[in-house]
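Since the structure comes first, as structure tokens, the remarks are kept for the end.
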Amino acid sequence: MEKSGTQTPLSLAAAEAVRTYAATTRSALGSAESPVISYAGLWLLLASLTPAAETETDEILGLNKADARAAALTLLEAPHPTIGAAVAGWLRQGVELTKGLPIMLDPLPDQAGLDAWADEHTRGLIKEFPLEIDAQTLLVLASALVVTPRWSEQLEEGEDGLLLLEDGFQAVVETEAAGPVAVACPPSEDGISVYSVIAEEGVAADDVWRAADEVVRRIDAGEVHDRTFDAGQEDGHAWTVREVTAFGSAPSDRWCSHLPEWSAEDRHDLSAAPGVAEIARGVMAAIAEETEAVCVQKAVASYDREGFKAAAVTGMMVRAAAAAPRETKVRQIDLRFDRPHAVVAVARGGAWEGIPLFGSWVTPA
């Protein structure tokens, strides 16, 4: 769980901005119980596009336009042993922009080309782009984010079928948001910490996420340490305390977390996420014709005895808006056949031209 590299003031601000944006977006979308979602992937795309925004972005993205853009570029260009990140854009041939966009645009490929981009930039974890293009598609913008850390040592399976973690970070922490929570993070040399945080049954998911944010902040600040036990010596909602016999130079406390293997995938309509509409308006202003925009993310994740894998592709698509019917004035003439009337069938063409074939007298009911 070692931190690698030195954080600059901008990278520290970016980390706080993404954490705050995640909490704000989670609340706005009601996505606290989503199986998997990457708020960072969405933030990265929006931050890359901030020069197109028509207003400042401090309140939305946590940084002003210049700093958000600079932070996004730094993240995209900074090497990391486990994280892969990319941002790209594609423009349909023949579409002219009235102003430049802050992302280099390539010619819009077919669906297979977009799928190949998603596959390549998520290390094969996502093989299909989250948006389907059609004849109305004018512009596509996307970010990809993937992490694949491995545990320093493979976790063993216990008798209950759960994975056993005896090393790494383990603690019981009292939080303001959710009371006492149990925290576990397997050791990894890949520059990624994967914290599992569990609160008492019945605590709302939003509060558990707030507690997780609180715990990570306090760990980063050096306020919470490995093997912290804020709950005293009593059993709790997710832990038990008992005396066991140890031999040799065993530590005073022996910890073991029991963790499940799991995998998940999800798809999110992010069009209503904070900042999307504001950034999309600036992007759409670069296209002369009437347009509409959507933003969608596909995300996958898995946690097993060897490590953690997660990937997300966030796509924003600008489409030609459906043309509104032209307004014009015409006469309206209404004919009503609501009384008895005649009906006649007349032949047309050839020798039968003009011959009335059938006649009927119709008396409406």
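The values are calculated or read from the model by the stated rules, or taken from the named source; none is laboratory data. Here the structure is a predicted model, which means the values were calculated and not measured. We place every Cβ from the backbone using ideal geometry, glycine too, and count neighbours over all the protein chains shown. Protein only, heavy atoms only, side chains kept; ligands, DNA and RNA dropped before computing areas. Shrake-Rupley method; radii C 1.70, N 1.55, O 1.52, S 1.80 Å.
Quick rundown of the values:
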{"quantity": "Highest-first arrangement of 35-45, 223-233, 269-279, where packing means the average Cβ count within 10 Å", "calculated": "35-45, 269-279, 223-233"}
{"quantity": "Distance in nm between pseudo-label sites at Glu189 and Arg242 (7 Å out along the Cβ direction from Cα)", "calculated": "3.5 nm"}
{"quantity": "Cα pair count fraction exceeding 21 Å, expressed as % - segment 200-278", "calculated": "58 percent"}
{"quantity": "Convex hull per residue volume in Å³, alpha carbons only, for segment 51-104", "calculated": "106 Å³"}
{"quantity": "Per-pair calculated FRET efficiency, R0 = 45 Å: Ala116 and Ser152 via Cβ, rounded to 0.05", "calculated": "0.85"}
{"quantity": "Segments 284-291, 260-267 sorted - mean Cβ within 10 Å per residue, highest first", "calculated": "284-291, 260-267"}
{"quantity": "Cα→Cβ-extended label distance, 7 Å offset, between Ser34 and Thr98, nm", "calculated": "3.2 nm"}
{"quantity": "Thr82-Glu56 FRET efficiency (beta carbon distance; Förster radius 56 Å; 0.05 resolution)", "calculated": "0.95"}
{"quantity": "At 1.002 mPa s and 20 °C, Stokes diffusion of segment 1-142 via Kirkwood alpha-carbon radius, µm² per second", "calculated": "128 µm²/s"}
{"quantity": "Per principal axis, descending, Cα span of segment 168-309 in whole Å", "calculated": "76, 33, 28"}
{"quantity": "Surface share of carbon and sulfur [accessible, 1.4 angstrom probe, percent] for segment 43-195", "calculated": "48 percent"}
{"quantity": "Gained length - Ala221 relative to Trp262, 0.36 nm times residue gap less alpha-carbon distance", "calculated": "11.8 nm"}
